[in-house]
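Okay, structure first, notes after.
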Amino acid sequence: MARDEFVQSAIDNWAPRFIANGIDYNDFQRITTAVERWEDWCRAWSECGAMHERMALKAEAERHYTSAGEHYFRAAISYHFGKYLFVRWPDQLRAAHEQVVRNYQRGLPYFAFPGEHVSIPYENGGTMYGILRKPWHTPKPPVVILVPGLDSVKEELHLYGDDFLRRGMAVLAIDGPGQGEMEFDHPLRPDYEVPITYAIDYLESRADVDASRVGLMGVSFGGQFVVRAAAFEPRVRATIENCGPYDQSENFSKRPQISRETLVHRLKAANEEDAFNKVQRFNLQGVADRITTPLLVIQGRRDRLVPAAQGERIAAEAGSHAELWLFEDGNHVCNNIPYKHRPQQADWMQEKLETS
């Protein structure tokens, strides 16, 4: 089968991410084997999402709520990977996005760690949205704010959240500007300490979490965002960044075309030249060395999207406050070796928030 270059690029660059974040391997094989043209990608994954949604509705009607939660999550994550890079067809992207949000919310009461979809006051009277989940076995737990990347969303961070929840930490997964529920009206912004400040302000308004012990965890572009936030928001106690870029412009031209088009879309740029000009503001020069709290930098040597040298530079500039976990066999976000860093990073965060 001759796949077009965008389908092949999605598989070559992100296949392990699908499996690590909740797609069933059999669904992945079935869909990627059948889809040849990029214009069919979102439709195929949306059909998969609808299949899981039907199973969720049946389980819910029969009061099999644990199964319903699992199916709703599978539905949400299937719709998400249909639309995550599908910026050439914005109507299809938005329709699939709405299904991501709707199905995940339907599943929230049934997850092993239930949660709520929350509205967070944002600047100029706007609203930022998040998913707050709490461990049932820890009264007033510390909180880890989970930050997605360029083409991920808060719902994709579900399994990351489970790792922290099992260790007694609450999680607040957010969609910041240019991401998920904020991608349609807000462009990506480099000063991500602003949305993090609003998120922590919101946590301080709640009596059921300990907002004096807040950590950050960000993946890919979100890794850069949390480093920036840790440097400028003094209420952050510990930070994990996974394969975040030091300077987005340095690798712009080498990114797959499918990813460059996504940057254009989520920066609300006119074209690639405009996106490149905008993305030059997304760098950590003079930022990483301002961090004064623990920082864990996770990087894969085989990362094709963010060169390992960028993670090493972040750690070097953060100095004695940083730990670098460099995995020689790791790809982007080390999604091909989740067992080597996901449980361990949750242990690391637990230790830092317990002693902060």
Go through 292-302, 195-205 and give me the packing order, highest mean Cβ count within 10 Å leading.
292-302, 195-205
I need the peptides 334-340, 96-102 ranked by packing, meaning the mean over residues of other C-beta atoms within 10 angstrom, with the highest value on top.
96-102, 334-340
Table column - 3J(HN,Hα) (Hz), segment 165-179, Karplus curve with 6.51, -1.76, 1.60, x for Gly and Pro
4, 4, 9, x, 9, 7, 10, 10, 8, 10, 9, x, x, x, 10
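Place the peptides 164-170, 149-155, 342-348, 44-50 in order of packing, highest mean first, counting for every residue the other Cβ atoms within 10 Å and averaging per peptide. Intermediate results must be reported in sequence, preceding the final value.
Details: 164-170: 22.3, 149-155: 25.3, 342-348: 17.1, 44-50: 19.7.
Averaged packing, sorted descending, gives the order 149-155, 164-170, 44-50, 342-348.
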Relative contact order as a percentage, segment 1-159, C-alpha pairs under 8 Å and 6+ apart, gives 18
Averaging the inverse of every distinct alpha carbon separation and then flipping it gives the Kirkwood radius. What is it for segment 152-193, in angstrom units?
11.3
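Kirkwood-based Rg over Rh for segment 1-111 (C-alpha set), two decimals? Display every interim value, and only then the final one.
Details: Rg = 14.0 Å, Rh = 14.0 Å.
Result for segment 1-111 is an Rg/Rh of 0.99.
Please compute the net charge surrounding residue 232, taking Lys and Arg as +1 and Asp and Glu as -1 over other residues with Cβ under 9 Å from its Cβ. Provide the component values of the computation, followed by the final result.
Values: positive: 228, 290; negative: 191, 193, 233.
So the environment of residue 232 carries a net charge of -1.
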The answer for residue 240, listing residues at least 5 apart or on another chain whose modeled amide H is closer than 5 Å to its amide H, is 216, 217, 218, 296
When a footprinting reagent is the concern and you count Cβ atoms within 10 Å, what order do 51, 349 take, fewest first?
51, 349
Quick check: convex hull of the Cα atoms in the chain, volume per residue, rounded to a whole Å³?
127
In Hz, Karplus ³J(HN,Hα) per residue of segment 301-316 (6.51, -1.76, 1.60; θ = phi - 60°; x = Gly, Pro)
5, 9, 5, 8, 9, 10, x, 4, 4, 6, x, 4, 5, 4, 4, 5
Whole-Hz Karplus ³J(HN,Hα) for segment 117-126, in order, using 6.51 cos²θ - 1.76 cosθ + 1.60 and θ = phi - 60°, x for Gly and Pro?
7, 10, 9, 10, x, 10, 5, 6, x, x
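Can you compute the helix-only [θ] at 222 nm over the chain? Use -39500 (n - 2.57) per DSSP H run of at least 4 residues, normalise by all residues, nearest 500 deg cm²/dmol. All intermediate terms of the calculation are to be shown ahead of the outcome.
Numbers: 12 runs with 161 residues, N = 356.
Rounded to the nearest 500, it is -14500 deg cm²/dmol.
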Hey, if you put +1 on the Cβ of every Lys and Arg and -1 on every Asp and Glu Cβ in the chain, which of 55, 256, 29 ends up farthest toward the positive end of that dipole?
55
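Using a 10 Å cut-off around each Cβ, can you sort 74, 3 from fewest to most neighbouring Cβ atoms?
Values: 74 23, 3 16.
In order of increasing Cβ crowding within 10 Å: 3, 74.
Of 321, 158, how do they rank once you tally other Cβ atoms within 10 Å and put the fewest first?
On the way: 321 17, 158 23.
By the 10 Å Cβ count, ascending: 321, 158.
Values quoted throughout were computed directly from the atomic coordinates according to the rules given, and no laboratory measurement underlies them. From a predicted model like this one, the values you see are computed outputs, not experimental measurements. Every residue, glycine among them, receives a Cβ derived from its backbone with ideal geometry; neighbour counts consider all protein chains shown.
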